[in-house]
Amino acid sequence: MQKSKFSWANIYLVCVFIFLYLPIFYLIFYSFNAGETMNSFTGFSLHHFSELFSDTHLVIILLNTFLLAFLSALIATFIGIFGALFIYYLKRRSHRNTLLSLNNILIVSPDVTIGASFLILFITLGTLFSGFSLGFWTVLLAHISFSVPIVVLMILPKLQEMNDSMITAGYDLGANERQILKNIILPYLSPGIIAGYFMAFTYSLDDFAVTFFVTGNGFTTLSVEIYSRARRGVSLEINALSTLVFLFALVLVVGYYYISKDNQGRSKKKKRGVLR
Amino acid sequence: MKKYNTLLAVPYFMWLIFFVLAPVLLVVGYSFFDQNGHFTLANYAEYFSSGKYLLMTFNSVWYALLITVITLVISYPTAYFLTKLKHKDLWLLLIILPTWINLLLKAYAFIGIFGVHGGLNSFLGFFGILPKQLLFTDFSFLVVAVYIQLPFMIIPLLNALDELPASFIAASKDLGASATQTFFKVVFPLSLNGVKSGVQAVFIPSLSLFMLTRLIGGNRVITLGTAIEEHFMVTQNWGKGATIGVVLILAMIVVMIFTGEKKVGGKK
Amino acid sequence: MKKLRSLLIEIVLIICLLFLGIVWLEKSSGMSDAKVVNIYNWGDYIDPKLITKFEKETGYKVNYETFDSNEAMLTKIRQGGTSYDVAVPSDYMIQKMRKEKLLLPLDHSKLPNLKYIAPQFMNLAFDPKNKYSVPYFWGTLGIVYNDKAYQASEFKSWNDLWDAKFKNKIMFIDGAREFMGIGLASLGYSLNSKSDAQLNEAYEKLKALTPNAKAIVSDEIKTYMANEESSVAVTFSGEAADMMAKNSHLHYVIPEGGTNLWFDNLVIPKTAKNKKGAYAFINFMLDSKNAAQNTKYIGYSTPNQGAMKYLPKAITSNRAFYPTVAQIKQMEIYEDLGSKYLEKYNDLFLELKMYRK
């Protein structure tokens, strides 16, 4: 009985994954199309890829996009961790709820609203500094800003589940705050932190409207480029690009997983009995 | 404890002041001005008196609700089953991976899949089912919207279910509870925090969807997102757009009150 | 903790690698040192080979950036913080930007190639004497149909669209001016009407058209038509050219009784830092050979008379894309309506969209 139930679960998961990956494979399939459209496959060809590689402009945009996503998500995660801790440690529930509502405002606000108000904000603040111009730094700030709330949202539930007796025990054993944070709280929160980081990363990659408003000369992201190509039709070169991004990410993810699993195996052996 | 934490939370507060409070004040401010820069309450008056905007609000809430419920129903078993698998972290990453491909491209892929001559219809054709108009229906709109939101629901759920102490479940079984009882009495209540943050991460942004309503829905459903887009981009009447923005923020606060922590207030 | 730390190290490592990659690429493409001309244009709206050619001929470096709507571009240029040297707004937007003093007047003596532009495309109402702008591409609003389902004779005038046989069949481009324009044109009114009575009449008439609307979509209309999701659509000639390149069953017709005539134009916004480069670029694009090459790549109609002889006859003699001067005289260019009427058009359009269900 146990076994058959398990296989139903697997079938369900397979269906969900097929659903998640179906459009991706559709895009990848047509990136090898000899023709120019996504509606009929006229033959196998790699010419969209060669087109892509000769387009330095697009490659720079791609690298910019990922640099921005990795960096903004990282900074947002740091800010978010301490924000979440702060909210959690607030004494009064009403204060917590108020802060949480403020926290979520950027999630609920439509992108155009955020983009337009950030633009005005940057321009206003910019007049205070000479030589100010929109560009990488303003986009980075904006991306950090709209990623912070999602990180907080991912970490808070973990904090609420955390067993305070662990921390009390830590203090009783004479640990200082730094040690408590490093050895008890952060490890416990790590699934939330990782989830938060990747959500922030995704937000950054996906964003179009906010980036468009707050960017300036010499810095664009892939989303802005793709959306602005829509009027003329998005070419299969972009599909080829997505194929490469997807394959690269897949290799990275699987590779990362096996490396980290090795490490974990080792460290678990060492640690067993010390903490648990 | 307090001193240490406060100091580290300084960047968070800087963020709150500069990137939340300042823009919100700006948006609220804009909502009280007309296009000639005169103070007015007309934006709000129009919003609450015109059937057009109320219908849009209703549409937005209704579709966001549908999207959230469907997403939750699909996501919960997914997350639950995933926690039983061996390589959890790997599966988590594989759930996230599709979100790294541009949204517009995925929407175009769905146009291809759902088209009259598209993949799904020719697949159904094998079973003798005649091509159907799938695009511009609620069905295709909901499918694509749910598709976009799925990872944002699965991740927090996985996050919450993952660290459920196995001992709880074992204990429940030892005490003679059936699998269903264990699930509803032990597993589900313990994952409620994850459900809440998932619902927040999906419902709130779904309120202001606009691109999919046009791209996949063919503008058959008009939501607040469409109106905001129009006011900010086409007519450039930022006052009216900001008014809807304020309403959305208020709606979010209502959602937070419903899904936020209730009387128990944590373990403190 | 160990997991978090190793993740952190890896992320920082990736960031460094990406940063080095960008620096290296920018150096190898010479982005950092040459004198840069910042072009602000619609996505993929120029033959990339022409950019390379321009860079070779003049020694300037082109920084090509893109926007997706006139209004989005306006917001960016109005708010400042950028330094675009050349931008490509449409007709009504030029009028608006002129009013807001966002454009620099052009010195025609620095644009000798301006002589190639056909006289009927010079000195238009939105920019008298071409003080601020030079036409880049132009086109019309019309009807695309698929010859598997319909033929040209079924689309003689705008009124034909009300026919009951089109129930739930037609795709419309998502624009208030365009949709209201169909109603106005079918009644014989101006597309720039500022009469409430006329607009309401058009609104009432358009209500009867809404059952025929299959979808109201934007740029994706090309994909839909090329995929034969629908057999008839109301759209711009530029979009039509794109979809016809993908599906040979599609044809474009301009109904009688007036339609919209549109222009995309090269301008120098007030944000320009490298005016010399801007003039060099505009003059380069006006050159007949370059204009012809660009026209072949983009597929829209060129206002460049000199370019005609470098283009195949099949293109230039196609009346759907190069209508006669007499036909053009019947068409109307959008004027900036001012905020009150722009909003009125959009409100009516929104109500029609909602009425549709």
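Here C:LEU199 fits the description: in contact (Cβ under 8 Å) with a residue 60 or more places away in the chain, of a type in the set (A, V, I, L, M), surrounded by fewer than 24 Cβ atoms within 10 Å (Cβ to Cβ) and more than 22 Å from A:ALA230 (Cα to Cα).
Does C:PRO48 meet the test of being in contact with a His (Cβ under 9 Å, 6 or more places away or on another chain), surrounded by fewer than 17 Cβ atoms within 10 Å (Cβ to Cβ) and within 23 Å of C:ILE282 (Cβ to Cβ)? Yes.
Here is the figure for the range C:236-276: residues that are over 30 Å from C:LEU104 (Cα atoms), of a type in the set (Ser, Thr, Tyr) and touching a Gly at 6+ places or on another chain (Cβ under 8 Å) total 2. Mind checking which residues of the range C:9-25 are out of contact with any helix residue (DSSP H, G or I) (no Cβ under 8 Å at 6 or more places or on another chain) and closer than 15 Å to A:THR77 by Cα? The answer is C:ILE9, and nothing else.
Among the residues of the range C:146-179, those that are closer than 30 Å to C:ASN265 by Cα, in contact with a Ser or Thr (Cβ under 6 Å, 6 or more places away or on another chain) and part of a strand (DSSP E or B) comprise C:MET171, C:ILE173. When C:LYS276, C:LYS222 are screened for being without any contact (Cβ under 8 Å) to a residue 40 or more places away in the chain, assigned to a helix (DSSP H, G or I) and in the same structural domain as C:LYS61 (by TED's automatic domain parsing), only C:LYS276 passes. Can you spot a residue in the range B:170-187 that is polar (S, T, N, Q), surrounded by 16 or more Cβ atoms within 10 Å (Cβ to Cβ) and within 14 Å of chain C (Cβ to nearest Cβ)? Scanning the range B:170-187 turns up no residue that is polar (S, T, N, Q), surrounded by 16 or more Cβ atoms within 10 Å (Cβ to Cβ) and within 14 Å of chain C (Cβ to nearest Cβ). Taking the range C:146-189 as the region of interest, how many residues are of a type outside the set (Gly, Ala, Ser) and within 21 Å of the chain's Cα centre (by Cα)? Residues that pass the stated criteria total 9.
Might you check whether a residue that is at pLDDT 85 or above and over 29 Å from C:MET243 (Cβ atoms) occurs anywhere in the range A:218-237? Looking for residues that are at pLDDT 85 or above and over 29 Å from C:MET243 (Cβ atoms), one finds at least one in the range A:218-237, hence yes.
For the range A:216-257, a residue qualifies if it is in contact (Cβ under 8 Å) with a residue 40 or more places away in the chain, within 10 Å of chain C (Cβ to nearest Cβ) and not in a loop (DSSP other than H, G, I, E, B), and the qualifying residues are A:GLU225, A:GLU237. All of (1) within 14 Å of chain C (Cβ to nearest Cβ); (2) buried (at least 24 other Cβ atoms within 10 Å of the Cβ); (3) touching a residue at least 12 places away in the same chain (Cβ under 8 Å) hold for B:MET211 with one exception: (2). Considering the range A:34-57, and only residues there that are within 17 Å of A:LEU247 (Cβ to Cβ) and buried (at least 20 other Cβ atoms within 10 Å of the Cβ), the residue that is modelled with the highest pLDDT turns out to be A:HIS48.
For the range C:16-25, does any single residue satisfy the condition of being within 30 Å of C:ASN283 (Cα to Cα) and either without any contact (Cβ under 8 Å) to a residue 24 or more places away in the chain or among the charged types (D, E, K, R) (or both)? Yes, the conditions are met somewhere in the range C:16-25. Look through the range C:333-357, keep the residues that are of a type in the set (D, E, K, R) and over 27 Å from C:PRO211 (Cα atoms), and return whichever of them is surrounded by the fewest Cβ atoms within 10 Å (Cβ to Cβ). Within the range C:333-357, the match that is surrounded by the fewest Cβ atoms within 10 Å (Cβ to Cβ) is C:LYS340. When C:SER109 is tested against the conditions (1) assigned to a helix (DSSP H, G or I); (2) modelled with pLDDT under 95, the lone failure is (2). Here the range A:201-212 is the region considered, the condition is being facing another protein chain (nearest Cβ under 7 Å) and hydrophobic (A, V, I, L, M, F, W, C), and the residue that is farthest from C:SER69 (Cα to Cα) is A:LEU205.
Can you pull out every residue in the range C:234-252 that is of a type in the set (Gly, Ala, Ser) and closer than 17 Å to A:ARG232 by Cα? Listed by number, the residues that qualify are C:SER237, C:GLY238, C:ALA240, C:ALA241, C:ALA245.
Of all residues in the range A:125-166, those being more than 9 Å from chain B (Cβ to nearest Cβ), without any contact (Cβ under 8 Å) to a residue 60 or more places away in the chain and not small (Gly, Ala, Ser) number 6.
Considering C:LEU141, C:LEU209, C:LEU161, C:LEU184, the condition of being among the aliphatic types (A, V, I, L, M), modelled with pLDDT of 95 or more and within 30 Å of C:LEU114 (Cβ to Cβ) is satisfied by C:LEU141 alone. Does C:GLU71 count as more than 8 Å from chain A (Cβ to nearest Cβ), over 19 Å from A:VAL234 (Cα atoms), under 17 Å from the mean Cα position of the chain (by Cα) and not aliphatic (A, V, I, L, M)? Spelling it out, C:GLU71 is indeed more than 8 Å from chain A (Cβ to nearest Cβ), over 19 Å from A:VAL234 (Cα atoms), under 17 Å from the mean Cα position of the chain (by Cα) and not aliphatic (A, V, I, L, M). In the range B:214-225, what residues are in contact with a helix residue (DSSP H, G or I) (Cβ under 6 Å, 6 or more places away or on another chain) and in a helix (DSSP H, G or I)? Within the range B:214-225, B:LEU215, B:LEU224 qualify.
If we scan the range C:279-294, do we find a residue that is at pLDDT below 95, crowded, with 21+ Cβ neighbours inside 10 Å, part of a helix (DSSP H, G or I) and touching a helix residue (DSSP H, G or I) at 6+ places or on another chain (Cβ under 8 Å)? Within the range C:279-294, not a single residue is at pLDDT below 95, crowded, with 21+ Cβ neighbours inside 10 Å, part of a helix (DSSP H, G or I) and touching a helix residue (DSSP H, G or I) at 6+ places or on another chain (Cβ under 8 Å). Pairs meeting the criteria (first residue in the range C:235-264 and over 21 Å from C:GLN151 (Cβ atoms), second residue among the polar types (S, T, N, Q), beta carbons under 7 Å, at least 6 apart or on different chains) are C:GLY258/C:GLN330; C:ASN260/C:THR140; C:LEU261/C:THR140; C:TRP262/C:SER90; C:PHE263/C:SER90; C:ASP264/C:SER90.
Taken together, the residues in the range A:193-206 that are in contact (Cβ under 8 Å) with a residue 60 or more places away in the chain and either under 13 Å from A:MET154 (Cα atoms) or out of contact with any Ser or Thr (no Cβ under 6 Å at 6 or more places or on another chain) (or both) amount to 7.
Among the numbered conditions (1) modelled with pLDDT of 95 or more; (2) in a helix (DSSP H, G or I), the only one that C:ALA233 does not meet is (2). Under the condition of being facing chain B (nearest Cβ under 9 Å), surrounded by fewer than 21 Cβ atoms within 10 Å (Cβ to Cβ) and either aliphatic (A, V, I, L, M) or assigned to a helix (DSSP H, G or I) (or both), the residues counted in the range A:83-95 number 4. For the range C:74-94: of the residues being surrounded by fewer than 20 Cβ atoms within 10 Å (Cβ to Cβ) and assigned to a helix (DSSP H, G or I), which is farthest from the chain's Cα centre (by Cα)? The extreme case among them is C:GLN79.
From (1) farther than 21 Å from B:ILE222 by Cβ; (2) surrounded by 21 or more Cβ atoms within 10 Å (Cβ to Cβ), pick out the condition that doesn't hold for B:PHE110. The failed condition is (1).
The values are calculated or read from the model by the stated rules, or taken from the named source; none is laboratory data. Nothing here was measured: the structure is a model prediction, and the numbers come from that model. Ideal geometry is used to build each Cβ from the backbone, glycine not excepted, and the neighbour counts take in all protein chains shown.
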